[in-house]
Amino acid sequence: MDKMKNEILADFKILDQTVNGEPLVYLDNAATTQKPQAVIKSLVDYYEHDNANVHRGVHTLAQRATNAYEATRQKVKKLINADSEREVVYTKGTTESLNWIARGYAQKFLQPGDEIVLSYAEHHSNIVPWQQVCEKTGAKLVYLDLNADGQVDLKKAEHLITEKTKIVSLAQVSNVLGAVNPIKELAQLAHQNGAIMVVDGAQSVPHMPVDVKELDIDFLAFSGHKMLGPTGTGILWGKLELLNQMAPLDFGGEMIDFVELEHSTFKEVPWKFEGGTQNIAGVIALGKAIDYLKAIGLANIAQHETELMEYVLPKLQAIDGFELYGSADPAKHAGIISFNLAGLHPHDTATALDMEGVAIRAGHHCAQPLMKKLQIAASARASFYLYNTKEDADKLVEALIKTREFFR
Ligand SMILES: Cc1ncc(COP(=O)(O)O)c(CN[C@@H]2CONC2=O)c1O
């Protein structure tokens, strides 16, 4: 990756700017990632050359738009090693994907007393939809505890995932702790008890190889904007037989076969879930983002982030008053580091870093149950991606040392 560093940086013009008189160091990739020129160009090209509505038009532009829109489905299928592109549903993002699984699939089958297993580290988008489903069905939530590394505790999971469990829904990577969960083993546990395995892949699919067959999971949700793609794009992947059992959530044009006065029939999966005119340009641009990621290689991206963790974690922990949340072992750490400087509110830390051109996140990261578990109100969070460098890591460390000194 290092040898391509300059080529990659040249693709992200946004990174070539100063903030408060300092070169921008963008370390908020868990929130959203920047977009390479190829992705931005594809949006412009679509509206300048191919813009048309998809599927029904017979004219040339409509055909070109339809082919490009559907081509992304094939790219997603290959990216996650799905059996069929028909298992790939376009959504607005991880949140919509998880809501659709909860409301379109789980809500149809859950009975009073059934259990949905989550973890304390889940993002609100993988908690609140399930709370809603429990209110409507009488099902109950069960929360898995975390081990010292911030991963779901597999030993405790063996006792909490039982014959009452119908759904296990977990993040593959925590957006706070950077912990990588043992999804394959958890999916086995779920299936041994007759439950289905839902995976929140928002922080894993952009950063590492994710193979839905190798993991043997049942649903996967992720967001385009976290993997170099535009906002308003996301993917709901599911095993075809499960998607066929799912009810559509949005009804109307595009998703129907025939509409009579009193009754309508719906298209087959995935199109029955894509009602109305979709984010055509965004989906096409997401396809370009996937091309970009595949050209670098997800394994190379994962390796690059591990090398950055190996480089920066020891330096951070040497800072006076640095409090790390999650594992100190780089091998157990995706490129997300949550921390505080003792005695400092994370908002003050993030504001001070911004004065040095370093962009990090501060807050509860849509993980308030986890903040409560950690007994903190909020944390600072630095999150890395393929275009970040060791120089970026050094800048983070220098800015934190400067902040420490300033607030002493
Ligand atoms: C693990 C996880 N799940 C779901 C979501 C929701 O994704 P969408 O907003 O794309 O639907 C996020 C977003 N991550 C938040 C967004 O900002 N900072 C974060 O950590 C996430 O990190």
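The values are calculated or read from the model by the stated rules, or taken from the named source; none is laboratory data. What you are looking at is a predicted structure, and each value in this text was computed from that prediction instead of being measured. Positions of Cβ are generated from backbone atoms using ideal geometry, with glycine treated the same way; all protein chains shown enter the neighbour counts. All accessible areas refer to the heavy atoms of the entire protein, side chains included, with ligands and DNA or RNA removed. Shrake-Rupley method; radii C 1.70, N 1.55, O 1.52, S 1.80 Å.
Computed over protein heavy atoms with a 1.4 Å probe, the accessible surface of segment 297-407 works out to 40 Å² per residue.
In terms of accessible area, using a 1.4 Å probe and ignoring ligands and nucleic acids, ILE337, ILE360, ILE256 rank largest first as ILE256, ILE360, ILE337.
Rounded to the nearest 10 degrees, the angle from helix 183-192 to the longest Cα principal axis of the chain is 40 degrees. In this simple spin-label approximation, ASN51 and GLN131 carry label points 7 Å from Cα along the Cα→Cβ vector, and these lie 4.1 nm apart. Under 5 Å between amide hydrogens, built in the peptide plane, is the criterion, and for LEU144 it picks out LEU118, SER119, TYR120 among residues at least 5 positions away or on other chains.
Partners of LYS92 within straight-line reach, counting aspartates and glutamates whose Cα lies under 19 Å from its Cα and excluding those fewer than 8 residues away in the same chain: GLU70, ASP200, ASP250, GLU254, GLU274. Ranked by the mean number of other Cβ atoms within 10 Å of their residues, highest first, the peptides 35-45, 245-255 come out as 35-45, 245-255.
Among CYS134, CYS366, the sequence by solvent-accessible area, most first, with a 1.4 Å probe is CYS366, CYS134.
Taking 0.36 nm per residue of separation and subtracting the Cα-Cα distance, full extension of the segment from GLN317 to LEU141 would add 59.7 nm. Label positions at GLU391 and LEU240, each projected 7 Å from the Cα along the C-beta direction, are separated by 5.0 nm. A Förster radius of 51 Å combined with the Cβ-Cβ distance from ASP348 to GLU260 puts the calculated FRET efficiency at roughly 0.25. Within the assembled protein chains, the solvent-accessible surface assigned to HIS159 is about 140 Å², based on a 1.4 Å probe. The slack between LYS294 and LYS78, meaning 0.36 nm per residue of separation minus the straight C-alpha distance, is 76.8 nm.
Within straight-line reach of LYS136, meaning a Cα separation under 16 Å, sit the following aspartates and glutamates at least 8 residues removed in sequence or on another chain: ASP114, GLU115. Hey, what angle do you get for helix 128-137 against the long axis of the chain, alpha-carbon based, 0 to 90 degrees rounded to 10? Between the helix axis and the principal axis of the chain, the angle is about 40 degrees.
For PHE322, the residues whose amide H sits under 5 Å from its own are ALA342, ignoring neighbours fewer than 5 places away on the same chain, with H placed 1.01 Å from N. Based on protein heavy atoms only, segment 108-266 ends up with 39 Å² per residue of surface accessible to a 1.4 Å probe.
Annotation: per residue accessible area for segment 1-84 equals 55 Å², rounded to a whole number [probe 1.4 Å, protein chains only].
A simple count of charges around GLY326, restricted to other residues whose Cβ falls under 10 Å of its Cβ and scoring Lys, Arg +1 and Asp, Glu -1, yields -1. Percent of accessible area on segment 41-295 owned by carbon and sulfur, 1.4 Å probe? On segment 41-295, the fraction of accessible area on carbon and sulfur atoms equals 53 percent.
Taking max minus min of the alpha-carbon positions on each principal axis, the chain gives extents of 72, 55, 33 Å, largest first.
For the chain, the mean residue ellipticity at 222 nm estimated from helices alone is -11000 deg cm²/dmol, where every DSSP H run of n ≥ 4 contributes -39500 (n - 2.57) and the total is divided by all residues, rounded to the nearest 500.
Each residue of segment 292-300 was assigned a 3J(HN,Hα) from its phi angle through the Karplus expression (A = 6.51, B = -1.76, C = 1.60, θ = phi - 60°), giving 5, 5, 5, 5, 7, x, 5, 5, 5 Hz with x at Gly and Pro.
Against the chain, whose longest principal axis comes from its Cα atoms, helix 60-80 is set at around 60 degrees. Residues whose amide H comes within less than 5 Å of that of THR233, counting only those at least five positions distant or on another chain, are GLY224, HIS225 (H built at 1.01 Å from N in the peptide plane). Does segment 364-408 come out rounded, prolate or oblate by the C-alpha gyration tensor, with a ≥ b ≥ c the root eigenvalues, rounded set by a/c under 1.5 and, if not, prolate when a/b is larger than b/c and oblate if not? Oblate.
Between ALA157, ALA334, ALA121, where does the largest GNM mean-square fluctuation fall for the chain, given springs only between Cα atoms within less than 10 Å? Judging by the Gaussian network model, the answer is ALA157. What is the P(r) of segment 297-407, as percent of Cα-Cα pairs per 5 Å bin from 0? Using 5 Å bins, I get a P(r) of 2, 12, 23, 25, 20, 12, 4, 1, 0 for segment 297-407. Candidate cross-link partners of LYS390 among the lysines, defined by an alpha-carbon separation under 30 Å and a same-chain spacing of 8 or more, comprise LYS3, LYS5, LYS13, LYS35, LYS41, LYS226, LYS288, LYS294, LYS315, LYS332, LYS402. Based on the Kirkwood approach, the hydrodynamic radius assigned to segment 151-276 is 16.3 Å, with every pair of different Cα atoms included.
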